[in-house]
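Before any comments, here is the structure.
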Amino acid sequence: MILPFVRPYISGPTPLHVIDAVSGQGTGKSLLADVLAGAGVALGRRTPRMAPANSEEEWRKRITSALMTAPTVVLIDNVQSELDSAALANALTAIEYEDRLLGGNRLVSLPVQCAWVVTGNAVRTSREIARRSVVIKLDARTDQPWFRADFRHPDLLGWSAQQRENLVAAVLTLIEAWRAAGLPRAKTALGNYEEWARVVGGILDVAGIPGFLSNLFGSQAEIDQETLAWREFVDVWWTKYESAEISASQLETLAKEYDLLSTLLSGSRSSAIKLGMALTRMVGRQVGGHRITQGRGDRKTKVKGYRLERLASAGASVEQRTSPLAPRPR
């Protein structure tokens, strides 16, 4: 709610706000987006909604079209499949977004000054999108949230429109208190979004509102589908082979046996080739309490080998303690 009013104070990019309804449809995720960023405060009207794209080319076109209108808010509504787009990841860390105009070869450079919002039910994203996100979780604590009626404001959108003057005044009061205090920057940090975290966190600090970004690690881990899948796979890998060197073909067999990395291995292309390429990218990366390393391989067949290295601090790893996964055979 604060962000559109303080955007000129933030010289860098701002993260993707993921409004995630863990209790499913009817929880009010789109309503919350409208109230916070649209009709309630910043715009004085409903926020235009962008449907999720089905291809990278379509993502690029939609993002370019949206930014050409110099929007205050870009709302991507009702994400159902895994959110993964290189164009979106680029826009989320860009100050100027460059793309070709539709139907021509002319390049345009578009300033990125909007707030980014996504809504969905049990949202799952790629690793690149997850690390660019802050998560707002809604839990109605019922399996049929659309039947709830005990609201303080039954018509929240109408109420916020009527009270817009007071809501704007309240936001500006928070900002003016921060200005009067000398524009103090919060110490809270978020990679790629340091300036955003310092400004918004500073305003909340002056107002005495605690907890800004305190759920960051757990919430990003929950939506990061790629890391969750690799962590589950590595747990099974270590259980079966420990530190022994094995080939991508053996690991493919293991993945299929336990029904793991299904998104990565799906499609018409050979799953062994896909897994081999993915393992090459994963060499040196820590997953949970292990690090994937490359072995000596077979010199005769030139088949690469891979092994896991158990990290000394694995037993006390925060990442392990918060992991909800346990390997299960099919």
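The values are calculated or read from the model by the stated rules, or taken from the named source; none is laboratory data. Remember, it's a predicted structure, so these values are computed and weren't measured experimentally. Ideal geometry is used to build each Cβ from the backbone, glycine not excepted, and the neighbour counts take in all protein chains shown. For the accessible areas, the whole protein counts, side chains as well, though only heavy atoms, and no ligand, DNA or RNA atoms are used. Shrake-Rupley method; radii C 1.70, N 1.55, O 1.52, S 1.80 Å.
Using per-residue counts of other Cβ atoms within 10 Å, averaged over each peptide, order 295-307, 184-196 from highest down. Mind showing how you got there, number by number?
Working: 295-307: 12.6, 184-196: 15.7.
By packing density, highest mean first, the sequence is 184-196, 295-307.
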- Task: Would you kindly find the accessible area of K61, with a 1.4 Å probe and non-protein molecules such as ligands, DNA and RNA excluded, rounding to the nearest 10 Å²?
- Result: 70 Å²
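Please give the net charge around A53, taking every other residue with its beta carbon less than 15 angstrom from that of A53, where Lys and Arg add +1 and Asp and Glu add -1.
Neighbour charge sum, excluding A53 itself: -3.
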- Message: Please report the accessible area of E176 (heavy atoms, 1.4 Å probe, ligands and nucleic acids excluded) in Å², nearest 10.
- Response: 100 Å²
- Please calculate the 1.4 Å probe accessible area of D259, with all protein chains present, and give it to the nearest 10 Å². 90 Å²
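Out of all DSSP beta bridges with both ends in the chain, state the antiparallel percent to the nearest 5.
On the way: 15 of 36 bridges.
Close to 40 percent.
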- Springs between alpha-carbon atoms under 10 Å, Gaussian network over the chain: tell me which of P210, P71, P48 tops the mean-square fluctuations. P210
- Number of Lys pairs (Cα under 18 Å; 8 or more positions apart or on different chains) in the chain: 5
- Item | Total formal charge among the other residues, if their Cβ is under 15 angstrom from that of I175, Lys/Arg +1 and Asp/Glu -1 | +2
- Helical mean residue ellipticity (222 nm; -39500 (n - 2.57) per DSSP H run of 4+; nearest 500) of the chain: -11000 deg cm²/dmol
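Kirkwood hydrodynamic radius, region 148-190, all distinct C-alpha pairs: what's the number in Å? Write down the numbers at each step before the final one.
Values: mean 1/r = 0.0767 Å⁻¹.
Every distinct Cα pair counted, the radius reaches 13.0 Å.
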- Choice from R60, R46, R141 with maximal GNM fluctuation in the chain (Cα, 10 Å cutoff): R141
